[in-house]
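In what follows, a single structure is set out as structure tokens and then discussed.
Just so it is clear, none of the values below were taken in a lab; they were calculated from the coordinates. Just so we're clear, the structure is a prediction, and the values are computed from it rather than from any experiment. All Cβ positions, even for glycine, are placed from backbone atoms using ideal geometry, and neighbour counts span all protein chains on display.
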């Protein structure tokens, strides 16, 4: 039986919203997904199929949120022919395009999917270098638009020229406006963001361990307690929810009320790329719809599973969510007083 995990911090849990999510993703891309039989370095390969679409974490989140009927505004940098294609996708999908035009060209991300193994290989380009004037324009758009009660998502890497404290700066702006901000990042960008105590932190265990210094290796109780301790520290710092994914089988969620391990329905994966982004998008869309924490987590988990079972990342069809959401289960992990400080 599912363990109840609400209410959590009821003072800070949204009871209503404008049903618009503002997505800040400064380094979007054109995802070019190619399928081959098996990747063998140093060899020539014949590609079975190619799908190219606007991508990067921000576009995967935005596309999924729109498929769930929630309004989206996007903020980041777009430039060159690839940027023009991404802007066209915004228009086609009814996304409010608040990207900042730049002189550089938006990057391309090759994603190689092995049909025989289900493995995915992603080659992430750094992105175009942005100027101080372009950065100033992006900051001004965000500052102009973020309002009381907004749901804001900061996701993905930052292009060269943008300081690693950028998401922390947006988090502080959100705090000052009474908006709730979610962060999905890594390395120094995540480390700075954690210090700003965003409302929601979502990342995988290696990203979280790298940013906090907790143990990342192993699945024994000692490693789990190390991760749990760092999650509790982040809650004490001021975040309301911390979600750390632990692979395909389960993830851990922490709030001021405790910690829970959430079991994930198992399927045969086709391409797991973007599952974390789809998870985050489904979670935030559910929050915008007024769902509870547990129901938002169920829908988020279902979104990640559906994404893993298809070739291209993101959620275009929400019809499979309900079945997987019903199979999600929660188990209390540790009481706060059981977690070492």
For this session: Between residue 84 and residue 37, take the C-beta separation as r, use R0 = 35 Å, and let me know the FRET efficiency to the nearest 0.05.
Result: 0.55
For this session: At 0.36 nm per residue, minus the direct Cα-Cα distance, what do residue 263 and residue 331 gain on full extension? Give it in nm, one decimal, please.
Result: 23.7 nm
Problem set entry | Gaussian network model of the chain, Cα within-10 Å springs - most flexible of 175, 99, 43 | 43
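To the nearest µm²/s, what D does Stokes-Einstein give for segment 20-338 at 37 °C and 0.692 mPa s, using the Kirkwood radius over alpha carbon pairs as Rh? Let's see the in-between values first.
On the way: Rh = 19.8 Å.
The calculation lands on 166 µm²/s.
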For this session: Round to the nearest 0.05 the FRET efficiency obtained for residue 19 and residue 145 when R0 = 22 Å and r is the Cβ-Cβ distance.
Result: 0.90
For this session: Please find, in a Gaussian network model of the chain (springs between Cα atoms separated by less than 10 Å), the residue of 59, 251, 279 whose mean-square fluctuation is greatest.
Result: 251
For this session: Using the number of other C-beta atoms within 10 angstrom as an exposure proxy, rank 91, 98 with the fewest first.
Result: 91, 98
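How much length is gained if the chain between residue 195 and residue 295 is pulled fully straight, taking 0.36 nm per residue apart and subtracting their Cα-Cα distance, in nm to one decimal?
Values: separation 100, 0.36 × 100 = 36.00 nm, distance 2.81 nm.
In short, 33.2 nm is gained.
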For this session: Within 10 Å of each residue's Cβ, count the other Cβ atoms and sort 319, 73 from fewest upward.
Result: 319, 73
For this session: Wrap a convex hull around the Cα atoms of segment 107-263, take a quarter of its surface area, and give that in square nanometres.
Result: 10.9
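Using just the helices of the chain, give the 222 nm mean residue ellipticity in deg cm²/dmol: DSSP H runs with n ≥ 4 each add -39,500 (n - 2.57), and the total is spread over all residues, rounded to 500. Write down the numbers at each step before the final one.
Numbers: 10 runs with 122 residues, N = 341.
Calculated at 222 nm, the ellipticity per residue is -11000 deg cm²/dmol.
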Exercise. For 291, 154, what's the fewest-to-most ordering of other Cβ within 10 Å of each Cβ?
Worked result: 291, 154
Problem set entry | Cα pair count fraction exceeding 20 Å, expressed as % - segment 163-246 | 27
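Assuming 0.36 nm per residue, please report the length gained on full extension of the stretch residue 52 to residue 117 beyond their Cα-Cα distance. Don't skip to the end; give the middle numbers.
Details: separation 65, 0.36 × 65 = 23.40 nm, distance 2.16 nm.
Length gained, residue 52 through residue 117: 21.2 nm.
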